[in-house]
Amino acid sequence: MRASVMANIQKAAFSSSARQLKHINSVTVIGAGLMGSGIVQVAAQSNYNVTMVDTSDAALKNGQSIIAKSIKRVAKKKFGEENTSEQQAFIDKAMSNITVSTDAPTAVSATDLVVEAIVENIDTKQALFKALDQAAPSDTIFASNTSSLPVTLIAETTSADRQSRFAGLHFFNPVPAMKLVEIVRTDVLKDEVYESLVTFSRNTGKTPVECKDTPGFIVNRLLVPYMMEAFRILDRGDAKAKDIDVAMKLGAGMPMGPLELADFVGLDTMKFIIDGWAKEGKIEEALVTPSKTLDDLVGQGKLGRKSGAGVYEYSK
Ligand code: CAA
Ligand code: NAD
């Protein structure tokens, strides 16, 4: 084939796929907790216009304070300890890309991508997306940061058309430091939506991996049973918390021990994940056996670092 004909074919193929690809400029993140605030931060640092939504001003303030601390660390690392004016310019620019709101339907009424990072509860997520589906433009992409729930099930309360524009976009904690995003590709997800999410993930400095809509995707399918077994060691009285964590750090090279990590993730989130999987019955029973220690701590409101106490105590 002649080179010019080949070039025209390539150009036509490129422009037709470019037409279909949704260019993401503005992002709305619902949930201003540990994960939502991190997703807002990395998107704002990457020059997206971001709206951070939560149900109360107090929750938004909590998200803003997490971002304020984290972005200082990022700026120091990026520009060096001594370059304070560059650091400040970077922080100011990123912060100017963020607006906050308690009105989710209005926030999504002119947005290209919605990323949901609210509590890990199927009914709450479905109710939220049902409302957002009515309020968002028809070509807006919806994504959930769920740790463990089937994305197909979360999307069920939206229209069939939206379901083809609905994916899992699973970031890791702490979002500004962890380089991975799992993109959960449901059976009905359009290829061009998947590609738009790959581009968005790369633009935020993350490496995307593709996975099917199966329990725990890749990372949590491996990580959560491991953390749960650490709780069961505690339940059985086979070792102390500190020793379990030291053992896995020094003996297996983990950056955090499994119980420290559970406190970091949030014990309520851990319990939502394991109880949800046990109910769903799709994972072997032995792996989803509950832990009395975990259940007791959550019952006492000890949710890990974010609440000041969990397996360990944290001074504020
Ligand atoms: N904001 C910005 N940057 C941060 C940060 C934050 N909140 N926390 C850490 N960092 C950066 C630091 O700037 C530092 O960067 P450099 O090394 O390049 O200078 C780097 O991360 C390491 O931080 P520190 O030196 O302060 O501390 P550390 O070496 O102890 O690392 C850690 C901290 C990155 C959190 C590390 O302990 C770690 O990787 N822990 C495991 C985290 C993990 O497994 N996360 C996944 C949880 S599971 C999940 O998220 C999925 C789910 O659905 C539940
Ligand atoms: P979090 O408890 O820190 O924050 C949840 C936030 O959602 C709170 O600020 C809460 O006020 C808000 N919220 C609850 N219902 C809402 C609603 N209807 N509308 C708007 N905001 C609402 O939780 P998190 O750790 O950030 O987890 C959020 C999601 O991310 C969960 O699905 C979780 O499974 C997932 N996730 C968590 C981690 C982790 O390590 N914590 C990692 C990856 C994914």
Worksheet item: Per-residue accessible area for V246 at 1.4 Å probe radius, Å² rounded to 10?
Response: 70 Å²
Discussion item. For the chain, give me the percentage of DSSP beta bridges that are antiparallel, rounded to the nearest 5 percent.
Written reply: 20 percent
Response to the item:
Quick note, the range 84-225: a/c under 1.5 would make it rounded; otherwise a/b > b/c is prolate and the rest oblate (a ≥ b ≥ c, C-alpha gyration tensor); here it is oblate
Item to complete: May I ask which of K242/K292; K125/K292; K61/K306 have a Cα-Cα span longer than 22 Å here?
Response: K125/K292
Worksheet, complete the sentence: Heavy-atom accessible area of the chain with neighbours in place, 1.4 angstrom probe: carbon+sulfur share in percent works out to 55 percent
Worksheet item: Top mean-square fluctuation among L132, L223, L261, Gaussian network model of the chain, C-alpha springs under 10 Å?
Response: L223
Worksheet item: What accessible surface, in Å², does a 1.4 Å probe find on F172, ignoring ligands, DNA and RNA and rounding to the nearest 10?
Response: 30 Å²
Worksheet item: Taking the Cα atoms of the range 213-316 alone, what are Rg (to one decimal) and Dmax (as a whole number) in Å?
Response: 13.2, 39
Worksheet item: Under the classification rounded if a/c is under 1.5, otherwise prolate if a/b is larger than b/c and oblate if not, where does the range 135-286 fall, given a ≥ b ≥ c as square roots of the Cα gyration tensor eigenvalues?
Response: prolate
Discussion item. On a full-extension model of 0.36 nm per residue, what is the gain between M254 and S96, subtracting their alpha-carbon distance, rounded to one decimal in nm?
Written reply: 53.2 nm
Worksheet entry | Whether the range 57-150 is rounded, prolate or oblate, judged on the alpha carbon gyration tensor where a/c under 1.5 counts as rounded | prolate
Discussion item. Please list R221, R165, R185, R236 from largest to smallest accessible area, probe radius 1.4 Å, with all protein chains kept in place.
Written reply: R236, R221, R185, R165
Discussion item. For the chain, what does the relative contact order come out to in percent, with C-alpha contacts under 8 Å and a separation of six or more?
Written reply: 14 percent
Practice prompt. Between the alpha-carbon centers of the range 143-191 and the range 217-279, tell me the distance in whole angstrom.
Written response: 24 Å
Worksheet item: Using a basic spin-label model with each label point 7 Å from the Cα along Cα→Cβ, how many nm lie between L21 and N121?
Response: 4.0 nm
Item to complete: Taking a cut-off of 16 Å between Cα atoms, list the aspartates and glutamates near K249, but don't count ones fewer than 8 places away on the same chain.
Response: E229, E260, D263
Item to complete: Could you give the C-alpha radius of gyration of the chain expressed as a fraction of 2.2 N^0.38 Å, taking N as the number of residues it contains?
Response: 1.07
Worksheet item: For the chain, what is the calculated [θ] at 222 nm in deg cm²/dmol (nearest 500), taking -39500 (n - 2.57) for each run of four or more DSSP H residues and dividing by its residue count?
Response: -16000 deg cm²/dmol
Response to the item:
With the 1.4 Å probe rolled over protein heavy atoms, the chain has an accessible area per residue in Å² of 50 Å²
Fill in: By accessible area with a 1.4 Å probe, ligands and nucleic acids excluded, highest first: order of K271, K190
K190, K271
Worksheet entry | Qualifying aspartates and glutamates (Cα of each under 15 Å from Cα of K77; at least 8 residues distant if same chain) | E86
Worksheet item: Can you give the accessible area of Y226, probe radius 1.4 Å, in Å² rounded to 10?
Response: 60 Å²
Item to complete: Compute the FRET efficiency between D295 and K240 as 1/(1 + (r/R0)^6), taking r as their Cβ-Cβ distance and R0 = 25 Å, and round to the nearest 0.05.
Response: 0.85
Worksheet entry | Per-q log10 I(q)/I(0), the range 38-112, q = 0.15, 0.21, 0.26 Å⁻¹ (Debye; single scatterer per alpha-carbon; no solvent) | -0.52, -0.90, -1.19
Response to the item:
The long-range amide H neighbours of L169, using H built 1.01 Å from N in the peptide plane and a cut-off of under 5 Å, are S144, N145, T146, V184
Response to the item:
Per-residue accessible area, 1.4 Å probe, largest first, puts H23, H170 in the order H23, H170
Worksheet entry | aspartates and glutamates with Cα under 14 Å of K22, excluding same-chain neighbours fewer than 8 positions away | D112, D139, D191, E192, E195
Practice prompt. Starting from the Cα-Cα distance between R202 and K69, subtract it from 0.36 nm times their residue separation and give me the gain in nm to one decimal.
Written response: 45.5 nm
Worksheet item: For the range 114-129, in order, what is each residue's ³J(HN,Hα) by Karplus, 6.51 cos²θ - 1.76 cosθ + 1.60 with θ = phi - 60°, in whole Hz (x at glycine and Pro)?
Response: 10, 10, 8, 9, 9, 3, 7, 9, 5, 5, 5, 5, 5, 5, 4, 5
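The values are calculated or read from the model by the stated rules, or taken from the named source; none is laboratory data. If you're wondering where the values come from, they're calculated on a predicted model, not measured in any experiment. FYI the Cβ positions are ideal-geometry reconstructions off the backbone, even for glycines, and counts take in every protein chain you see. Quick note on the areas: whole protein, heavy atoms, side chains included, nothing else; ligands and nucleic acids left out. Shrake-Rupley method; radii C 1.70, N 1.55, O 1.52, S 1.80 Å.
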